[in-house]
Amino acid sequence: MRIVVNCSNLVIGGGIQVAISFLNEIRSHKENRYLIFLSKQVEEQIKRNSFSDNFEFKTIAFSPSRIRTRATIANILDEECLRFNPDIVISVFGPSYWKPRSVPHLCGFADGWCYNEDSITYSQLGFLARVKRLLLNRYKGVWLKKTAQYFFLETEVAKTRFASRYSIPMDNISVVSNTYQSFYNDLGPSSTMKEEETFRLVMIAAFYPNKNHKIIKEVVKYLRGRLNFEFTVTLPKQIYSRIYGSDFPEIVNIGPIPSKKCPEIYATSDAMFLPTLLETFSANYPEAMIMRKPILTSDLDFAHDICQDAALYFDPLDAKDIAEKIMKLASDNNLYRELQINGLRRVKNFPSAVERAKLILNICEKIVKQNNNV
């Protein structure tokens, strides 16, 4: 097959890591030819010289999501597609804000805001922010249906809600679970329990409202004097300063990090912390599992669906409950070890990065055959 992989619209968040993982894994599928549209953010984290000559790359200066430059970028993408003559286009995550001409388009989607409008996340937004978000959901929905015919989502629950929300045939939607990247398999085992007095929690997440970063301040206030602890976050300096100021030395910011640095950060922590209010799937969960780090996360349906018995759950809006669960984990070595064991067992249920890439390519092959037989 001749495949265009569109990453031009990925500029922040977990979508970049998924794209990098997918690109690295399809290197072994040399039966195909690939044209890769890269955003600057994705380009910074791949090594072009590690790809063979069945790959072509085109860096796109601006995301097609920008209205001001959308038409210009769409023309560039169209011209490159016309030259390359692909059998199919994959947009790793959408909306792509660009419709490929005369070729099937498979689009990943993982924005749970759009099909979970009953989520508690919305209750945390002000009136104007909530209205803006709901309008954005509709805007994204229009562009999803306008630009793609086929989709893949990360869970069966997401597939069902997505199909219902946007009236998309279930047969046009596949499920491909997220997972950890292959380089985690090359690491030695992490320690069972750190011997340092400070209990270190890591939250590797961009600043989105659903990630619930601000609750950490209230948790810190409750933990002070009760536990030696430290939170590590990965935020841009300006955002960190705006949220936490200089009053929270227990919250250490290391700034946004490339995906390959994540194992190092997990390895120097005692637990993964994610007080999220809304997810379709977070790679933080399987990453923590494979790194043998207990998970502290929100007591919500999506988290239970992904983690099952591999996490200690808390009310993400109750700082006292969060703090008590942290203290419980920090003081109970048996619980700590139990979550490690459960995580290692649970992570085996997710596809490997190699398997995920193969699943997506299989979907492409099926779509191409269907369209050729029409």
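Annotation: of all residues in segment 11-32 being within 11 Å of the chain's Cα centre (by Cα) and among the hydrophobic types (A, V, I, L, M, F, W, C), the one that is farthest from ILE76 (Cα to Cα) is VAL18. Any residue that is of a type outside the set (A, V, I, L, M, F, W, C), part of a helix (DSSP H, G or I), in contact (Cβ under 8 Å) with a residue 60 or more places away in the chain and over 30 Å from VAL368 (Cα atoms) - is there at least one of those in segment 192-209? Yes, there is a match, as at least one residue in segment 192-209 is of a type outside the set (A, V, I, L, M, F, W, C), part of a helix (DSSP H, G or I), in contact (Cβ under 8 Å) with a residue 60 or more places away in the chain and over 30 Å from VAL368 (Cα atoms).
Applying the set (1) touching a strand residue (DSSP E or B) at 6+ places or on another chain (Cβ under 7 Å); (2) outside any loop (DSSP other than H, G, I, E, B) to PRO100 leaves exactly one unmet item: (2). Checking ILE120, ILE173, ILE168 one by one, the residue that is in contact (Cβ under 8 Å) with a residue 12 or more places away in the chain, under 24 Å from GLN17 (Cβ atoms) and not small (Gly, Ala, Ser) is ILE173 and no other.
Condition first: buried (at least 23 other Cβ atoms within 10 Å of the Cβ) and outside any helix (DSSP H, G or I). Now tell me which residues in segment 6-25 satisfy that. Hits for segment 6-25 are ASN6, CYS7, SER8, ASN9, LEU10. Counting the residues of segment 266-302 that are within 17 Å of the chain's Cα centre (by Cα) and outside any loop (DSSP other than H, G, I, E, B) gives 15.
A quick yes/no check of all residues on (1) exposed (fewer than 15 other Cβ atoms within 10 Å of the Cβ); (2) assigned by TED's automatic domain parsing to the domain that holds SER174; (3) of a type in the set (Phe, Trp, Tyr); (4) modelled with pLDDT of 95 or more:
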position	(1), (2), (3), (4)
PRO64	no, yes, no, no
TYR97	no, yes, yes, yes
ARG101	yes, yes, no, no
GLY108	no, yes, no, yes
GLN124	no, yes, no, no
PHE151	no, yes, yes, yes
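The residues in segment 157-184 that are surrounded by fewer than 17 Cβ atoms within 10 Å (Cβ to Cβ) and within 21 Å of ILE90 (Cβ to Cβ) can be counted, and the count is 6. Inspection of segment 191-208 identifies no residue that is exposed (fewer than 12 other Cβ atoms within 10 Å of the Cβ), within 25 Å of ILE360 (Cα to Cα) and modelled with pLDDT under 90. I'd like to know if segment 333-346 contains one or more residues that are within 16 Å of THR155 (Cβ to Cβ), surrounded by 15 or more Cβ atoms within 10 Å (Cβ to Cβ) and at pLDDT 95 or above. Scanning segment 333-346 turns up at least one residue that is within 16 Å of THR155 (Cβ to Cβ), surrounded by 15 or more Cβ atoms within 10 Å (Cβ to Cβ) and at pLDDT 95 or above. Do we find that LYS99 is of a type in the set (D, E, K, R) and under 21 Å from the mean Cα position of the chain (by Cα) in this structure? Judged against the criteria, LYS99 is not a match. For segment 221-252, name all the residues that are part of a loop (DSSP other than H, G, I, E, B), free of Cβ contacts under 8 Å to residues at least 24 places away in the same chain and surrounded by 14 or more Cβ atoms within 10 Å (Cβ to Cβ). Result: no residue meets the conditions. Picking from residues in segment 126-149 that are surrounded by 15 or more Cβ atoms within 10 Å (Cβ to Cβ) and assigned to a loop (DSSP other than H, G, I, E, B), the one that is nearest to the chain's Cα centre (by Cα) is ALA148.
The values are calculated or read from the model by the stated rules, or taken from the named source; none is laboratory data. Predicted model only: the values in this text are computed from it and were never measured. So basically every Cβ, Gly included, is an ideal-geometry build from the backbone, and we count neighbours across all protein chains shown.
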